[in-house]
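Following: one structure in structure tokens, then a few remarks.
The values are calculated or read from the model by the stated rules, or taken from the named source; none is laboratory data. For clarity, every value in this text was computed on a predicted model and none was experimentally measured. Ideal geometry is used to build each Cβ from the backbone, glycine not excepted, and the neighbour counts take in all protein chains shown.
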2 protein chains.
Amino acid sequence: MVRIGIDIGGTGIQMGVVDDAGHILTRSAVTTRTDIPFSEQIAVMANCCKDMLKEGNYSLLDVASIGAGVPGVGDAKTGEVVLCTNLGWHHVPFREEFRKHLDKPIFVDNDANVAALAESVAGVSAGTFSSVFITLGTGVGSGIILGGRIWSGAHGAGGELGHAILELDGEPCSCGNHGCLERYCSATAIIRMAREQIGRHPESAIMQACQGDPAKINAKIIIDAARDADPLAVKVFRRYVTCLGQAIANVCNILDPEVIVLGGGVSKAGAFLLDAVREEYVKYILFKDLEHARVELARLGPDAGIIGAAMLSSANPG
Amino acid sequence: MVRIGIDIGGTGIQMGVVDDAGHILTRSAVTTRTDIPFSEQIAVMANCCKDMLKEGNYSLLDVASIGAGVPGVGDAKTGEVVLCTNLGWHHVPFREEFRKHLDKPIFVDNDANVAALAESVAGVSAGTFSSVFITLGTGVGSGIILGGRIWSGAHGAGGELGHAILELDGEPCSCGNHGCLERYCSATAIIRMAREQIGRHPESAIMQACQGDPAKINAKIIIDAARDADPLAVKVFRRYVTCLGQAIANVCNILDPEVIVLGGGVSKAGAFLLDAVREEYVKYILFKDLEHARVELARLGPDAGIIGAAMLSSANPG
């Protein structure tokens, strides 16, 4: 038996046929369309699934289940997508609608939860009982895995580490609050930190890399410059690592998982980021003579979305 | 069958015989002694247990298990107390030593975890799958209950919400870090907030209640004055509630339990605190149109220590 995993993004929808070990056997993709009604969006996805099966020489009987990860809130119990701003979905019956096209067990969950699950099945946290995945992108997403299952809370609203407050009366956040963790630990955050200071440091290598236009600064430019020991970039990077280290220590002090997995755009900085973070977070752990969570880089990259979505059926037995 | 629960505190050790519903059938107590070696401390406790059983007309055959809550870190798996500063314990074999006196299944865990368990079995969170207990005392302790079991992490270091960072570069904490949550949400915190401002407000009712000596200010004085609409007390109380509201919302955004239970000294303020907190924390919840955790006051008071300790055997099956 195989499973289908669908990774629904704001611009594209990736899907794949996945085996029990988490290998993608064949894949396909469609462009995300927001100009058609929900039922047609689902029809497009389902037809793409059917074509993918045909091309891979799979029969419908080979498919055990279909799972989807959405950039929003999915209700794992009802199969409803509660909220998905990018797709324009608000309380849509994802499972019910999809089943009209493919009558299989259908699962849906948040994309960070799905990536967390993928890493815990086929990635860097495989074999652990407890792990927390943190995605460092435009925002900060997270997923909690306990005993092979996603813990997204009693009401499906958990795992939103990015909107836990890390600084009282801190930076304003798009969610309406102040001081949310993602204002300090996302790619957006490190870019803001650099922009705040670049005016006083025109000599910085960051300025050269962005051709004198601070609007062109991105996380890679800053981290590459820090790697080359540019003083401003090093200062910004150090501050970012301090914030991320404290965020990771919070997860250790509250949840104490076996492993904390870093994914998303900023994690592409690789060992340069990982080494700095590993040195930093242990400073803020309360019980320093107890063992604590390992911090690792995600291993599956963008494939985590397809693999984790396919695995949702194991994470939601019965 | 009955179970024995032991609540080990810095000054006294309370114990009781508890039935399966969490009722204390008979109780006893000894003074905490730190002037004798560990093995003698355990002998004193065990003898007190034996006397209590005799007085209650219980035979040793009636006792299913013995559990203890300690103000420190207990390793639920090995029965070792990893750290308990008040008692002077560092990596002591609690279970092994206790069994020399009473050969029963012996369990040990942190006191906030134990209180969390008690409330989830016989208190305000009874019948829920997930709950987080937060004790607002000199510091801030917490315990996480998932599926009837204590989740204290992969290494027994979790549930320490009090030392999650709530303010980057914030107030110095006794743990060595800055900005720990307990610096903003404990009884100590509200006292500090009042003391910082009392010099500029000699007219405040707080000053009268503490007879002009700021060293005598306690949480009750501040909260009573806030209840009576003293302007300084109201300002301090509002700030405290804002901090606590954000701390509670962090628990909702990360863990999203069914219920969050407030215990400890500050919670004695009752409905006056609860109403204010309930109004505040919902402001910081990310998904405002999803259901979220109820916030409740602990119901078992100081008995939670005995009841929860007795219940440790159910929370650690096999």
message: Among (1) at pLDDT 95 or above; (2) more than 18 Å from residue B:104 (Cβ to Cβ), there is one condition residue B:63 misses while meeting the rest; what is its number?
response: (2)
- line: Within the range A:53-70, of all residues that are among the polar types (S, T, N, Q) and more than 28 Å from the chain's Cα centre (by Cα), the one nearest to residue A:2 (Cα to Cα) is A:59
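Criterion first (more than 8 Å from chain B (Cβ to nearest Cβ), in contact with an Asp or Glu (Cβ under 7 Å, 6 or more places away or on another chain) and not aromatic (Phe, Trp, Tyr)) does residue A:130 satisfy it? Talk me through it step by step, then tell me what you get.
Numbers: more than 8 Å from chain B (Cβ to nearest Cβ): no; in contact with an Asp or Glu (Cβ under 7 Å, 6 or more places away or on another chain): yes; not aromatic (Phe, Trp, Tyr): yes.
Taking the combined requirement at face value, the residue does not satisfy it.
Output yes when any residue across the range A:114-124 is touching a strand residue (DSSP E or B) at 6+ places or on another chain (Cβ under 7 Å), facing another protein chain (nearest Cβ under 9 Å) and modelled with pLDDT of 95 or more, and no when none is. If you could, list the steps in order and put the result at the bottom.
Going through the range A:114-124, the residues touching a strand residue (DSSP E or B) at 6+ places or on another chain (Cβ under 7 Å) turn out to be A:114-117, A:119-120, A:124.
Next, only the ones that are facing another protein chain (nearest Cβ under 9 Å) stay: none.
No, the range A:114-124 has no match at all.
Okay, residues lined up against (1) within 11 Å of chain A (Cβ to nearest Cβ); (2) free of Cβ contacts under 8 Å to residues at least 40 places away in the same chain; (3) basic (Lys, Arg); (4) farther than 30 Å from residue B:81 by Cα:
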| position | (1), (2), (3), (4) |
| --- | --- |
| B:159 | yes, no, no, no |
| B:162 | yes, yes, no, no |
| B:166 | yes, no, no, no |
| B:173 | yes, yes, no, no |
| B:187 | no, no, no, no |
| B:195 | no, yes, yes, yes |
| B:207 | no, yes, no, yes |
| B:215 | no, yes, no, yes |
| B:218 | no, yes, no, yes |
statement: Residue set B:139, B:72; condition over 21 Å from residue B:314 (Cβ atoms), in contact with a Ser or Thr (Cβ under 8 Å, 6 or more places away or on another chain), in the same structural domain as residue B:171 (by TED's automatic domain parsing) and of a type in the set (Gly, Ala, Ser); output residue B:139
query: Out of (1) within 14 Å of another protein chain (Cβ to nearest Cβ); (2) crowded, with 24+ Cβ neighbours inside 10 Å; (3) out of contact with any helix residue (DSSP H, G or I) (no Cβ under 6 Å at 6 or more places or on another chain); (4) small (Gly, Ala, Ser), the odd one out for residue B:152 is which?
result: (3)
- line: Expected output for the range B:274-286 (first residue part of a helix (DSSP H, G or I), partner among the hydroxyl-bearing types (Ser, Thr, Tyr), Cβ below 7 Å, 6+ apart or cross-chain) is B:280/B:242
- request: Could you grab me the full set of residues in the range B:218-270 that are within 20 Å of the chain's Cα centre (by Cα), buried (at least 21 other Cβ atoms within 10 Å of the Cβ) and in a loop (DSSP other than H, G, I, E, B)?
  value: B:255, B:256, B:257, B:264
- prompt: Since residue A:287 meets every condition but one in (1) within 14 Å of chain B (Cβ to nearest Cβ); (2) buried (at least 17 other Cβ atoms within 10 Å of the Cβ); (3) within 30 Å of residue A:118 (Cβ to Cβ), which condition does it not meet?
  reply: (3)
query: Which of the residues spanning the range A:17-32 are within 10 Å of residue A:4 (Cα to Cα), within 20 Å of the chain's Cα centre (by Cα) and free of Cβ contacts under 8 Å to residues at least 60 places away in the same chain?
result: none
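Please determine, by comparing only the residues of the range B:133-149 that are of a type in the set (A, V, I, L, M, F, W, C), under 23 Å from residue B:21 (Cα atoms) and crowded, with 24+ Cβ neighbours inside 10 Å, which one is nearest to the other protein chains (Cβ to nearest Cβ).
Of all residues in the range B:133-149, those of a type in the set (A, V, I, L, M, F, W, C) come to B:133-134, B:136, B:140, B:144-146.
From the residues that got through so far, the ones that are under 23 Å from residue B:21 (Cα atoms) too are B:133-134, B:144-146.
Keeping just the survivors that are crowded, with 24+ Cβ neighbours inside 10 Å gives B:133-134, B:144-145.
Values: B:133: 13, B:134: 11, B:144: 8, B:145: 12 Å.
For the range B:133-149, the residue satisfying everything is B:144.
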- prompt: buried (at least 24 other Cβ atoms within 10 Å of the Cβ) and free of Cβ contacts under 8 Å to residues at least 24 places away in the same chain, is that true of residue A:306?
  reply: no
